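Let me begin by presenting the structure, written as structure tokens, before commenting on it.
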Amino acid sequence: MSARAAAGEVGADALAAYLEGERAAVEGALARAVEALVPALPADVGRALRHGVLSGGKRLRPVLCVSAYTACGGAPGEALYDLAASLELIHAYSLMHDDLPCMDDAALRRGLPTTHREHGEVATVRAGAALIPGAALRALDACERLGCGAERARDVAGLLLRAAGAGGMVGGQWADLEGEGRSLGADELDDLHRRKTGALLAASLEMGAAAAGASEAAVDALREYGRAIGLAFQIVDDVLDATQSAETLGKNPSDAAHAKSTYVSLHGLEEARRRADREAERAVAALADAGIEAPMLAALARYVVERDR
Ligand code: GRG
């Protein structure tokens, strides 16, 4: 079945209602995480952390984690949302640091001033750094409450940290910064984004499946789904950067200003859109091939390519 047909089983209204409910539960878990982390921090660092974590966003990574967990037969509850929120804590730190003058030098994020513009560079660097171990500890604690057992808890937290590390998001960001002003080849661009954006998105699915105690085949399929939608997500990010206003995006388009190679600069708009569609189809096929029936994950694959921000 194609991604569009599989997603068609979940109508637009049902998807919107699902996203709204899941996001509300994720916001609750993020608020719990912030309340747990802030008391140990100086007041200005706490304010920066609160800004970076609690000022909106699509909350896609935690939603994917929860969706994978339930697709593998797990029942949602507070501990699951706390596990899912650990991904968003890493994501939040990456955006706070990415926006700094030494990286993207961005003034606007999610329609608001970036964290360092509001709270200063020093507090933002410190808050971002505090989020990394904070996320790992939240993930371990959530796994324990989910009854994962020590070995599975270590595996799940390991997935998060490997995806965030030099072989994943951090390494991808280095490659991205080093690639500015240079024309990257198609394989180089895929590799960069598989690490910078794709690794954490794929880990979201894999963590949900692993925490649910899914079979190796199911974990593999969800990783495959995650890798494909991770790439689709980044391609669409490039398309949106090239075509949408700051008002719609909630941030200033910046790829051209930083002379970045993108899917649009390399392949053109139409081919970039087709490639994103193909990746979404591939994601859904990976689940179907493994016999995983998950219409909501098919709908989320469509959402990733059809989103406008
Ligand atoms: C020290 C080199 C070095 C790196 C530190 C800063 C950093 C680590 C990593 C940055 C990675 C990065 C900026 C990835 C961007 C991924 C991306 C497409 C973000 C946008 O995600 P959305 O659309 O954002 O999910 P919302 O706002 O919806 O949460």
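The values are calculated or read from the model by the stated rules, or taken from the named source; none is laboratory data. Quick caveat: nothing in here was measured; it's all calculated off a predicted structure. Because the Cβ atoms are built from the backbone with ideal geometry, glycine has one as well, and the counts that use them run over all protein chains shown. Side chains are part of the model used for accessible areas, which takes the heavy atoms of the whole protein and leaves out ligands, DNA and RNA. Shrake-Rupley method; radii C 1.70, N 1.55, O 1.52, S 1.80 Å.
Counting only residues that are in contact (Cβ under 8 Å) with a residue 24 or more places away in the chain and surrounded by 15 or more Cβ atoms within 10 Å (Cβ to Cβ), the stretch 33-57 holds 14 of them. Only one entry of Glu151, Glu88 meets the criterion of being within 14 Å of the chain's Cα centre (by Cα) and assigned to a helix (DSSP H, G or I), and that entry is Glu88.
Annotation note: Cβ proximity below 8 Å between a residue of the stretch 122-147 that is free of Cβ contacts under 8 Å to residues at least 12 places away in the same chain and a residue that is among the aliphatic types (A, V, I, L, M) and more than 16 Å from the ligand (Cβ to nearest atom) (sequence gap 6+ or interchain) occurs for Glu144/Ala153. Within the option set Ala211, Ala246, Ala256, Ala272, being touching a residue at least 12 places away in the same chain (Cβ under 8 Å) and either of a type in the set (Asp, Glu) or within 30 Å of Cys72 (Cα to Cα) (or both) holds for one residue only, Ala211.
Return the only residue of Ala290, Ala280, Ala285 being open to solvent by less than 30 Å² (accessible area, probe 1.4 Å) and of a type outside the set (D, E, K, R). Checking each option against the conditions leaves just Ala280. Residues being within 17 Å of Glu88 (Cα to Cα), in contact with an Asp or Glu (Cβ under 7 Å, 6 or more places away or on another chain), of a type outside the set (D, E, K, R) and buried (at least 17 other Cβ atoms within 10 Å of the Cβ) are entirely absent from the stretch 185-194. For beta carbons closer than 7 Å, sequence separation of 6+ or different chains, a first residue in the stretch 217-240 that is basic (Lys, Arg) and a second that is surrounded by 24 or more Cβ atoms within 10 Å (Cβ to Cβ), the qualifying pairs are Arg223/Ala202; Arg223/Leu205; Arg223/Glu206; Arg227/Gly198; Arg227/Ala202. All told, Arg309 falls short of being among the charged types (D, E, K, R), assigned to a helix (DSSP H, G or I) and open to solvent by 10 Å² or more (accessible area, probe 1.4 Å).
Hey, among the residues in the stretch 60-111 that are among the aromatic types (Phe, Trp, Tyr) and away from the ligand (no atom under 15 Å from the Cβ), which one's farthest from Thr248 (Cα to Cα)? Before you say what the answer is, go through the steps one by one.
Quick first cut of the stretch 60-111, residues among the aromatic types (Phe, Trp, Tyr) only: 69, 81, 93.
From the residues that got through so far, the ones that are away from the ligand (no atom under 15 Å from the Cβ) too are 69, 81.
Working: Tyr69: 32, Tyr81: 28 Å.
So, considering only residues that are among the aromatic types (Phe, Trp, Tyr) and away from the ligand (no atom under 15 Å from the Cβ), the one farthest from Thr248 (Cα to Cα) is Tyr69.
Please find, among Gly74, Gly28, Gly21, Gly134, the residue that is among the small types (Gly, Ala, Ser) and not in a helix (DSSP H, G or I). Please lay out each step first, then the result.
Numbers: Gly28 fails: not in a helix (DSSP H, G or I); Gly21 fails: not in a helix (DSSP H, G or I); Gly134 fails: not in a helix (DSSP H, G or I).
From the options Gly74, Gly28, Gly21, Gly134, the qualifying one is Gly74.
Within the stretch 164-223, the only residue that satisfies the criterion of being over 22 Å from Ser261 (Cβ atoms), among the hydrophobic types (A, V, I, L, M, F, W, C) and within 11 Å of the ligand (Cβ to nearest atom) is Ala164. For the condition among the acidic types (Asp, Glu), in a helix (DSSP H, G or I) and within 15 Å of the ligand (Cβ to nearest atom), Asp277 does not qualify.
Looking at Gly52, Gly57, just one residue is more than 20 Å from Pro133 (Cα to Cα) and either within 16 Å of the ligand (Cβ to nearest atom) or in a loop (DSSP other than H, G, I, E, B) (or both), and that residue is Gly57.
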